[in-house]
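Please treat every number below as a calculation from the coordinates, not as lab data. Quantities reported herein were computed from a predicted structural model and do not represent experimental measurements. Reconstructed Cβ throughout: ideal geometry from the backbone, glycine too, with neighbour counts over all protein chains shown.
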Amino acid sequence: KLPSERELAERLAIGRTSVREALKVLEAIGLVEARIGDGTFITANVGASLGRTIGLSLMTWGGAIVEILEARRLIESEAARVAAGRVTEVDLTAIGAELETMARATDFQTYLKADMQFHRAVGQATHNTIVTQIINNLLDLLEEVLREAHGDELMTSAEGNSTHHAVFTALQARDPAG
């Protein structure tokens, strides 16, 4: 439970109106929950809230596609290593299904959807809520940018299916170095 608005205003040496507005923003993005008569509480689902906060920041910031791809590559590389040690058979089934859908795709939109789901499933295989949420938000932004870029004109295997297969093989082998 957070201190009262008055106490926060005193501690932070700011006006109560500023505290109230900040709490409204925190509630809107899911970091806190205001309960009438009880006070304001930090939400239990902090990982999802953090992910929404990062997602909101990314949407407002925008960012160049090169930076989005670089951030995704950096985060997903480590996520894949972690996932290799935690992946379950259920995870592998989901990841494999998306790989098959990508291989059978005859149009960019189908490929893109399966590609994004593949990466989301790898993130989920870390079994870390915060990592999963961050990856999902990065992918949401990337997917939006690619759709706006008239992706149907792009090569459907832009990343290369061999990369996806290598990740999947390493996960199956539970090999973080793969």
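Miscellaneous remarks
- Taking a point 7 Å out from the Cα of Ile36 in the direction of its Cβ, the residues of the stretch 1-30 whose backbone N falls within less than 18 Å of it are 5, 24, 27-28.
- Cut-off 18 Å, label 7 Å out along Cα→Cβ of Glu78, residues of the stretch 109-125 by amide N: 120, 122-125
- For the pair Gln172 and Arg104, label points projected 7 Å from Cα toward Cβ lie 1.8 nm apart.
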